[in-house]
Amino acid sequence: FSANVSHELKTPLTSIVGYAEIMKNGMVDPKTVPEFAGRIYDESGRLIKLIEDIINLSILDEGDINAQKESISLHEMAEEIAEQLEPSAKEKNISFSVYGDGSRISGVRRIIYEIVYNLMENAVKYNVENGKVKVTVESDDETVSLTVSDTGIGIPAEQQDKVFERFYRVDKSHSKETGGTGLGLSIVKHGALFHHAKVSMKSKLGEGTEITVVFPKEEE
């Protein structure tokens with residue numbers, strides 16, 4: 001894990017240093033400075049996101065979570081996140097729909113947020129132009145399930161068992177373009193385990209992916 005972290009951190013840092021050095025040495029046409037500054041900004045953002053994901057994963061690994069659990073509506077949270085992701089979705093003309101009831105779970109809000117956000121963000125990142133993202137919250141007497149489905153690139157059958165591993169990317173060439181850190185689904189997996197929830201996935205290459213997280217229902 002340490003070797004993987006070092007490699008993942010080194011990649012954006014090398015890019016940042018390279019662009020900064022060229023600018024420092026005056027080897028850039030003034031008209032090109034905004035472009036280079038933009039690349040440094042993008043790589044810095046990627047680095048910050050990576051560090052945040054590593055910290056979140058480390059906290060989950062250690063189980064050192066002092067925050068108290070509270071009553072959470074997955075439906076309300078999904079609607080909130082859909083609004084936040086709307087600008088990214090509009091860039092690819094992706095439509096968002098959130099369905100379901102207001103059944104509640106008991107959980108640590110920031111961890112549940114990371115689970116829902118990562119699933120919904122991935123559904124946008126790895127979707128196609130004019131695609132769709134559907135989020136459904138359903139419940140029965142004992143559980144509340146969150147399902148996020150998309151019409152995106154899908155995941156090959158032979159890779160579906162690996163996507164929850166740290167730093168694993170289905171399409172490595174696509175990951176830099178989307179800004180993925182390779183840790184999102186690992187955070188989903190460990191966050192679910194912390195809340196005694198179960199994660200399942202259905203996916204077909206070229207047709208899309210559906211991931212469901214089933215939580216214990218909040219006791220009344």
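Side notes on the structure shown:
- Cα gyration tensor shape for the stretch 95-160, rounded if a/c is under 1.5, else prolate or oblate: prolate
- Principal-axis tilt of helix 33-62 within the chain, Cα atoms, nearest 10 degrees: 40
- The charge dipole of the stretch 1-133, taken about its Cα centre with unit charges on the Cβ of Lys, Arg, Asp and Glu (plus for the first two, minus for the last two), comes to roughly 240 debye.
- Net charge dipole size for the stretch 61-135 [Lys, Arg +1 and Asp, Glu -1 on Cβ; Debye, nearest 20]: 260
- Amide H partners (placed H, <5 Å) of SER139, local residues excluded: SER145
- Residue with peak Gaussian network fluctuation, the chain [Cα springs, cutoff 10 Å], from LEU183, LEU13, LEU50: LEU13
- Cα pair distances exceeding 30 angstrom across the chain, given as percent: 29
- The chain: calculated mean residue ellipticity at 222 nm from DSSP helix runs of at least 4, using -39500 (n - 2.57): -16500 deg cm²/dmol
- Rounded if a/c under 1.5, otherwise prolate or oblate - the stretch 23-130, Cα gyration tensor axes: oblate
- Selected from ILE94, ILE55, ILE187 as most flexible by GNM, with the chain as the system and alpha-carbon contacts under 10 Å: ILE55
- Computed from the C-beta positions of GLU83 and MET27, the FRET efficiency with R₀ = 45 Å rounds to 0.55.
- The angle between the Cα long axis of helix 74-91 and the main principal axis of the chain comes to about 30°, on a 0 to 90 degree scale.
- The angle between the Cα long axis of helix 184-194 and the main principal axis of the chain comes to about 30°, on a 0 to 90 degree scale.
- Accessible surface of the chain [probe 1.4 Å, protein heavy atoms]: carbon and sulfur percent: 50
The values are calculated or read from the model by the stated rules, or taken from the named source; none is laboratory data. Treat the numbers as computed from the prediction; the structure is a model and nothing was measured. Using ideal geometry, Cβ is built from the backbone for each residue, glycine included, and neighbour counts are taken over all protein chains shown. Please note that ligands, DNA and RNA were not included when accessible areas were found on the heavy atoms of the full protein model with its side chains. Shrake-Rupley method; radii C 1.70, N 1.55, O 1.52, S 1.80 Å.
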